[in-house]
1. Got a number for residues in segment 115-165 being under 20 Å from Ala78 (Cα atoms) and either assigned to a loop (DSSP other than H, G, I, E, B) or among the aromatic types (Phe, Trp, Tyr) (or both)?
2. Determine whether segment 334-350 contains at least one residue that is within 18 Å of Val407 (Cα to Cα), of a type in the set (A, V, I, L, M), without any contact (Cβ under 8 Å) to a residue 60 or more places away in the chain and open to solvent by 40 Å² or more (accessible area, probe 1.4 Å).
3. Note down all Cβ pairs under 7 Å where the first residue falls in segment 379-404 and is under 16 Å from Asn18 (Cα atoms) and touching a residue at least 24 places away in the same chain (Cβ under 8 Å), the second is small (Gly, Ala, Ser) and open to solvent by 60 Å² or more (accessible area, probe 1.4 Å), and they're at least six residues apart or on different chains.
4. Would you check which residues across segment 441-458 are assigned to a helix (DSSP H, G or I) and surrounded by fewer than 21 Cβ atoms within 10 Å (Cβ to Cβ) and list them?
5. Quick check on my filter: what residues within segment 235-244 are assigned to a loop (DSSP other than H, G, I, E, B) and either touching a residue at least 24 places away in the same chain (Cβ under 8 Å) or open to solvent by less than 60 Å² (accessible area, probe 1.4 Å) (or both)?
6. Name the residue, out of Lys71, Lys19, Lys9, that is surrounded by fewer than 21 Cβ atoms within 10 Å (Cβ to Cβ), more than 28 Å from Ala236 (Cα to Cα) and either out of contact with any Phe, Trp or Tyr (no Cβ under 8 Å at 6 or more places or on another chain) or not hydroxyl-bearing (Ser, Thr, Tyr) (or both).
7. Just to be sure I understand, how many residues within segment 168-187 are open to solvent by 30 Å² or more (accessible area, probe 1.4 Å) and either modelled with pLDDT of 85 or more or at positive phi (or both)?
8. Has segment 55-66 got any residue that is open to solvent by 40 Å² or more (accessible area, probe 1.4 Å) and among the polar types (S, T, N, Q)?
Amino acid sequence: MSDIVVSMKGIDKSFSENKVLHGVELNLYKGSIHALLGENGAGKSTLMNILGGVLPPDEGTIEIGGKTLKKIADTIAAKKLGIGFVHQELTLLNDLTIFENLFIGDEIKKGPLLDKKTMIEKSKEILDRVGVDLDPKTPVRELNTSYKQVVEIARILMHDAKIIIMDEPTASLTDVEIANVFKMMSSLRDQGISIVFISHKLGEVMQICDRYTVLRNGYMVATGLIDDTINEHVIATHMVGRELSYDGLYVKRETGDMLLEVKGLEREREFKNADFSIKKGEIVGFTGLLGDGRNELFESVVGANSPYKGEIILRGQKVKMNSRNKSLKGGVSYVPRNRKENGIVKDLNIATNMTLSVVEKLKNLLLISRRKERGFTDKYIKELSMSVHNVKNPITSLSGGNQQKAVLAKALGTNPDLIIMDNPTQGVDVGAKLEIYSLIMQLAQQGVSFFVLSSEAPEVLMLCDRIFVMFEGEIRAELDRSEATEQKIMFLATGGVDESVKTAATA
């Protein structure tokens, strides 16, 4: 069809003996937002790296601009073909202004000097094109994440890109920021730009995309229009190759004695007057919009954000949480948000990442016992259903879901009574999400307590016995699971006050 701007046919790719793409086909249409979906490790990034000139295919062809190519030689060649790649980890320089970032490496000069006036004018033109009102002289460090995404895309458009690949662009955005990005994407679609949208958030896919392709284990298993015959359940089933159901996930349990109480906790400009508690075997959710203070609040609870005002009472004893080591000794473990920055050590292997919290337990005199280390990793690889070829491989060789399980193994290795999980399934595919949810419920049935911190209301609604909603550093309400709804949570998380909602109080 004449509307097809890129056609990838019969794409094969192997790394050593590991074949990751098997004859994959992908057609991109002009002025379309095309979702590329699949579980972590399905081959999405490899396929897009081939289209973006990062990797060559082993077999297959790429038809673009009326030419049939065996490969796109490199990223410079891709740029000349009108292909731009916005990676999940942004590449802007925070210390430079917007216009300086847009023109870095392509500066306009008037004689020996930089022509700042012209660069600012051209920057304004391209920012207007993507529909944002930003001053090109603004330092990038002052922008929120969604506007940084916009600047990345503006930089690509400076080179007349007709195809834009967006890899998990909304993974760390608030709902308002996501709306900004979607508005920009819609504007570009209307201008005839084709966008490949890689995401694990199927609700967003249904909202913004008009076509989809699903990869599973390196094979293309489904593709087509997003219409009335397609829903999140259908796509999820294609992704994992089996029916996925959350029915029966939540199990009502008898909870035990009071484990942790927080009274009047506050820290200047971050959170204030926080009162809440958790019992043995209970799952308690904290939700709201990003920036609501819950992350800072729980960093204080585990001793990573001290000093604070107020009381923390653990097993009936008032404690001063002033270090992570103290909370660990008290049986409180923390799985931080943003796995890549705070959960894993990229330069270390899988085994070392999994065992960082229990190094002392694994030692024979001064040296780590490889037998003990292997026993630990084998235990949690089995219990968490991790897919690991060799524990001596880099942690970055694992999919996002398996990396998250490695971080969870590190937390479980301390035999905690309480685990605080901050955005437990961020960047995790639908199959791994269900596995992590099931594991939380299973451990809760064994008496482990959980605080689940999440911006995704469906996540806390599925798992939690009680839900606290925060807004601008304050707990606005405590909801029992029987009364909680997405609508009520969103109303409270955006500052609404509902007299019918029970105000937060210690259980």
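1. Selection size over segment 115-165: 5.
2. So far as segment 334-350 goes, yes, one or more of its residues are within 18 Å of Val407 (Cα to Cα), of a type in the set (A, V, I, L, M), without any contact (Cβ under 8 Å) to a residue 60 or more places away in the chain and open to solvent by 40 Å² or more (accessible area, probe 1.4 Å).
3. Listed pairs, sorted by first residue: Ser399/Gly41.
4. Passing the criteria: Met441, Gln442, Leu443, Gln445, Pro458.
5. Within segment 235-244, Gly241, Leu244 qualify.
6. Exactly one residue qualifies, and that residue is Lys71.
7. Going through segment 168-187 one residue at a time, the tally reaches 3.
8. Among the residues of segment 55-66, not one is open to solvent by 40 Å² or more (accessible area, probe 1.4 Å) and among the polar types (S, T, N, Q), which makes the answer no.
The values are calculated or read from the model by the stated rules, or taken from the named source; none is laboratory data. Model, not experiment: these values are computed from the prediction. Methodologically, a virtual Cβ is constructed for each residue, glycine included, from the backbone with ideal geometry; neighbour enumeration extends over all protein chains shown. When the accessible area is computed, the model is the full protein with side chains, heavy atoms only, and any ligands, DNA or RNA have been set aside. Shrake-Rupley method; radii C 1.70, N 1.55, O 1.52, S 1.80 Å.
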